[in-house]
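A short write-up of the structure that comes next.
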Amino acid sequence: RPITFTMDHAALAQDVAALAAKAQRIETPGPNGPCIWHRWEGGGPTLVLLHGGWGSWTHWYRSIPLLTPHFTVLAADTPGFGDSGAPPKPTSPDDIADILVAGLDQLVPAGETFHLAGFSFGGLIGSVVASKTPGRCRSFVMVGASGFGVLHAPPQGTALAEDGMTDDEIDELQRRNLQILMIRDSANIDDLAVHIHRRNLERGRIRSRPISLTDRLLRALPDIKASMAGIWGEYDITVKGQEGLDKRKEIIRSFQPEAPFHIIKGAGHWVMYETAEEFADTLTNTLKTLTPY
């Protein structure tokens with residue numbers, strides 16, 4: 001369709017900054033610069049949020065205000081993304097997880113536990129974090145998680161911005177990319193989604209897709225002592241349809257037969273943005289059923 005809009009990225013950046021300003025910004029050590037965390041003091045136990053590939057804490061932008069009445073939200077910029085320093089090279093999920101675990105050791109007082117939710121690439125990384133924090137991670141929720149090996153369906157048709165493109169042309173390109181990969185209903189791709197996506201792409205310094213295509217989550221599941229659950233969008237492009245959703249549920253329940261597995265109708269991969277209220281309610285109620293809190 002013709003490009004007929006000019007987005008106000010400065011105003012959108014102010015919206016993001018306003019939510020960030022309500023949090024405490026914390027640095028924990030990393031090998032190539034600090035790992036950056038944002039903590040919103042809320043009405044309950046700590047909930048750690050790990051974003052997807054080529055993302056940052058802003059992947060959770062629409063959900064955070066809905067979660068803080070129930071939790072103290074601790075959202076990381078995963079090493080190599082957002083404002084965090086890069087992990088060692090060659091990049092491995094375990095090296096990334098080790099940096100996050102060291103940060104959590106510093107940020108969550110000894111003797112306290114935390115909930116953990118990981119989206120997409122962050123679900124894979126979260127599985128490793130959960131496996132390395134037995135007795136501390138009380139629940140682990142996979143949100144459109146990658147790391148299922150051959151079950152993962154890499155999306156086709158996304159494109160990179162080309163030299164010489166105008167801002168409007170790049171915005172339109174990323175709007176199309178969001179519809180292919182992240183958001184099912186084009187009506188839900190607002191200017192803020194495009195702004196968040198563009199800003200995150202600009203700051204990404206490692207390639208997450210090769211890691212997402214591995215089976216590292218599958219290999220972590222036997223070592224996770226926390227209660228587990230899954231939340232996926234009905235139309236998540238990475239899962240190969242209903243059969244793929246069913247297979248993920250089967251795998252998770254092979255370790256924990258009563259594990260909740262929720263499918264949010266009408267939603268795509270970026271489920272916590274596209275259906276923020278339903279997602280936040282689902283996550284909150286799931287954590288209440290998994291462990292006393």
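The values are calculated or read from the model by the stated rules, or taken from the named source; none is laboratory data. Please read all numbers here as calculations on a predicted model, not as lab measurements. Note that we place each Cβ from the backbone using ideal geometry, even for glycine, and neighbour counts take in every protein chain shown. Ligands, DNA and RNA are stripped out before the accessible areas are found, and what is left, the full protein with its side chains, is counted by its heavy atoms. Shrake-Rupley method; radii C 1.70, N 1.55, O 1.52, S 1.80 Å.
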key: Simple spin-label estimate for ALA110 and ASP94 in nanometres, 7 Å along Cα-Cβ   = 2.6
request  = Taking just the C-alpha trace of region 129-187, give me its Rg and Dmax in Å.
outcome  = 17.5, 52
ask   = Say the dipole of the chain comes from +1 at the beta carbon of Lys and Arg and -1 at that of Asp and Glu; which of LEU290, PRO257, PHE140 then lies farthest toward its positive end?
value = PRO257
ask   = Looking at the chain, which longest stretch skips every one of the GluC sites (Glu not before Pro) that is in a DSSP loop with at most 14 other Cβ atoms within 10 Å, leaving the sites themselves out?
value = 163-257
task = Quick one: which residues, 5 or more positions from ALA86 or on another chain, have an amide H under 5 Å from its amide H? H modelled 1.01 Å from N in the peptide plane, none for Pro or chain starts.
result = ASN32, GLY80
inquiry  = With the cut-off at 1.5 for a/c, could you classify region 65-130 from its C-alpha gyration tensor as rounded, prolate or oblate?
reply    = prolate
message = Cross-link candidates for LYS249: which aspartates and glutamates have Cα within less than 17 Å, leaving aside residues fewer than 8 places away along the same chain?
response = ASP215, GLU234, ASP236, GLU258
key: Convex hull (Cα only) mean projected area of region 37-78, reported in nm² to one decimal   = 2.4
message = How would region 224-293 be classified by its alpha-carbon gyration tensor: rounded, prolate or oblate, with rounded meaning a/c under 1.5 and the a/b versus b/c comparison settling the rest?
response = oblate
key: Portion, in percent, of the accessible area of region 1-108 that falls on carbon or sulfur, probe 1.4 Å   = 53
ask   = Magnitude of the Cβ-charge dipole of region 231-270, K/R +1 and D/E -1, about the Cα centre, nearest 20 debye?
value = 40
ask   = Share of antiparallel DSSP beta bridges in the chain, in percent to the nearest 5?
value = 30
task = Please work out how much length the chain gains when fully extended from GLU277 to ASP246, using 0.36 nm per residue of separation minus the C-alpha to C-alpha distance, in nm with one decimal.
result = 8.7 nm
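Starting from 0.36 nm per residue, how many nanometres of slack lie between ILE180 and LYS225 once their C-alpha separation is accounted for? Please list the in-between numbers first.
Values: separation 45, 0.36 × 45 = 16.20 nm, distance 3.52 nm.
The span from ILE180 to LYS225 would gain 12.7 nm if fully extended.
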ask   = About the Cα centre of the chain, what is the dipole size in debye to 20, counting +1 per Lys and Arg Cβ and -1 per Asp and Glu Cβ, all else neutral?
value = 860
query = Toward the positive end of the charge dipole of region 1-85, about the Cα centre and with charges on Cβ (Lys, Arg +1; Asp, Glu -1), which of PRO69, THR58, ALA18 goes farthest?
reply = PRO69
key: Hull shadow area, averaged, the chain [alpha-carbon convex hull, nm²]   = 14.4
task = Be a star and scan region 174-209 for residues whose amide nitrogen sits under 18 Å from the point 7 Å along the Cα-to-Cβ vector of ASP8.
result = 190-196
remark   = Compactness summary of region 113-218: radius of gyration and Dmax from Cα atoms, Å, are 16.2, 52
key: Solvent exposure of the chain as accessible area per residue, Å², 1.4 Å probe   = 41
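With a 1.4 Å probe and all protein chains left in place, how much of the accessible area of region 153-293 comes from carbon and sulfur atoms, in whole percent? All intermediate terms of the calculation are to be shown ahead of the outcome.
Working: 3200 of 6780 Å².
Carbon with sulfur: 47 percent of the solvent-accessible area.
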note = Looking only at aspartates and glutamates whose Cα falls under 15 Å of LYS22's and that sit 8 or more positions away or on another chain, we get GLU41
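Across region 1-149, how large is the tail of the calculated P(r) beyond 18 Å, expressed as a percent of all Cα pairs?
Details: 6190 of 11026 pairs.
Across region 1-149, Cα pairs with separations above 18 Å total 56 percent.
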